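Only one structure is covered here, and it is reproduced in the block below.
The values are calculated or read from the model by the stated rules, or taken from the named source; none is laboratory data. Because the structure is predicted, anything quoted here is derived from the model rather than measured. As a convention, Cβ positions derive from the backbone with ideal geometry for all residues, glycine included, and neighbour counts pool all protein chains shown.
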C-alpha cells in the first residue's frame, strides 16, 4: 500500500475550463489521481432535459473532449488515473463516447463504470414513504409523481474504490457525492476500510477542499483582487498521507494563492452544520480541524474528527414543472429604473387583459440592487437592463408572453434599446426535489469496460 498519494481536481462544475485538466497534468505530470467534478443539482436538471430530447445523452458531453485533450500526455508516459462523475444520468453512454475517443487515439485504457445511484423506481413504487417527502416543505412526492423524471442518490466512495481495485484507469460515475471521489481513491490507495471513520473523514475534508477547483486557490475569494495572475489561476491538489493528514497546494508558476484564508473559505463552503457535516461515507466535525502554513502556497490540515454515517442517502430528484421564458431590454436616460420597472408592469398588464396571468413572474432592473433587493438603498442610475421572466404550466401562456417584449421598443419610454436575441422561447422547467432514501435499498455496482472489460 502507498504511504502518500497526490490527488488533484481540474473541474469544479460542468462548465469549468475545458483546458484545465490537460494544463494541470502538464504543470504537474507526477499527479497520481485527477478528479473532475461535473455535477450539481442544476446539472442533473440540465441532463434530464437533454436526455428527454436525446435518450443517448444525459451525461456531461464535455468530458469526452476533455479526455481527448489528455491523449498526448498519456502517450508520452503520464500515468495519472481519472475519477469523475461526468456519467451523470447515463454513465454507460458516457463510457461509450470515451471508448471511441481512446480508440481513435490508439490509447488502451480500462474504464470503470459505477452505477446504482438511480433510485427513481423506488420513489415511483412507494410515493407515500416518509423518506421521500420534500425535506424543506414536507410535501409528499405523490404530489409530483406523475411528473417525476429523475431521482439519484448521492452514493459514496466504495463503488469508486471497487472500480480502482479492479484496475480502472478512468472511473466514470453518476451522482457520487463530490468529496467521495477523493475518499474512494484514498480507500483504494491505502487499503482503508469503510469503518475507518477518522481517516475517511480526513479524505472527505480533502475532497471538499478540492471539489470546487480554483476556489481553493483564491477563486471567488474575499481578496480576489489581491492574488497574482488570476488569468492563470491554479487548480489545487492535495498530498494525502495514509494517516489522513494532508497538505493543500497548487502547481508552481500558476496564479492565485493557497493560504489559510483561501483554504478556510473553501472549508466553510456549503457545509451546513460544521459539527455534523454529513457525507455518505461518514460524519465530520469541522470544528476540530487544525490548519497551518507549511511553505509557499502550502497549507497542512490535520486533526479531523470522523464518525459513522447515517443510514440514509440524500436524493436529488427532478420533475417537470411547466415552462418559463425571459426577455430583456436596456433602458437609458433619466429615471431609467422607474421607467424600466413600469415597462415590466405594462407587459404583465397587457397579458392579463388578454387573459393570461402566470403562476410565477419576476421583474428585475439589473444594476439597481436586483441581486440583493431591499438590502441596500437603490442607486440613481442613467441606465439599467430590464429583465422580465415568467413561469407557468401552460406552454401557450409562455408563448404569448414572448410576443409582448418587442412592442416596448416603440411603445415604451424614450431610451428603450438593447432588444437582441430574437423573441424568447419557452423552455421546459425541471424543478428540484430533495429527499432521502434508505441505504439498504440502494445497490451500488461497478464493472470494468474497455480493452480488458465488458462492452457497455
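What the table shows:
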quantity	calculated
Selection count where residues are over 30 Å from residue 155 (Cβ atoms) and touching a strand residue (DSSP E or B) at 6+ places or on another chain (Cβ under 7 Å), scope segment 204-233	8
Qualifying position, being buried (at least 19 other Cβ atoms within 10 Å of the Cβ) and farther than 24 Å from residue 33 by Cα, among 131, 122, 172	122
Some residue of segment 317-331 being loosely packed, with under 15 Cβ neighbours inside 10 Å and assigned by TED's automatic domain parsing to the domain that holds residue 408	no
Residue among 62, 37, 19 that is surrounded by fewer than 18 Cβ atoms within 10 Å (Cβ to Cβ) and touching a helix residue (DSSP H, G or I) at 6+ places or on another chain (Cβ under 8 Å)	19
Search result, residues across segment 281-315 that are part of a strand (DSSP E or B), out of contact with any helix residue (DSSP H, G or I) (no Cβ under 7 Å at 6 or more places or on another chain) and within 23 Å of residue 257 (Cβ to Cβ)	290, 292, 294, 295, 298, 300, 302
Entirely in segment 86-189, the helices (runs of 4 or more DSSP H) that have 2 or more residues that are at pLDDT below 95 and not assigned by TED's automatic domain parsing to the domain that holds residue 70	none
Residue count, segment 74-85 (criterion: surrounded by fewer than 24 Cβ atoms within 10 Å (Cβ to Cβ) and assigned to a loop (DSSP other than H, G, I, E, B))	5
Some residue of segment 255-267 being in a loop (DSSP other than H, G, I, E, B) and within 29 Å of residue 44 (Cα to Cα)	no
Any chance residue 339 is in contact (Cβ under 8 Å) with a residue 60 or more places away in the chain, touching a strand residue (DSSP E or B) at 6+ places or on another chain (Cβ under 8 Å) and under 30 Å from residue 115 (Cβ atoms)	no
Considering residues of segment 175-191 that are more than 18 Å from the chain's Cα centre (by Cα) and crowded, with 24+ Cβ neighbours inside 10 Å only, the residue nearest to residue 302 (Cα to Cα)	186
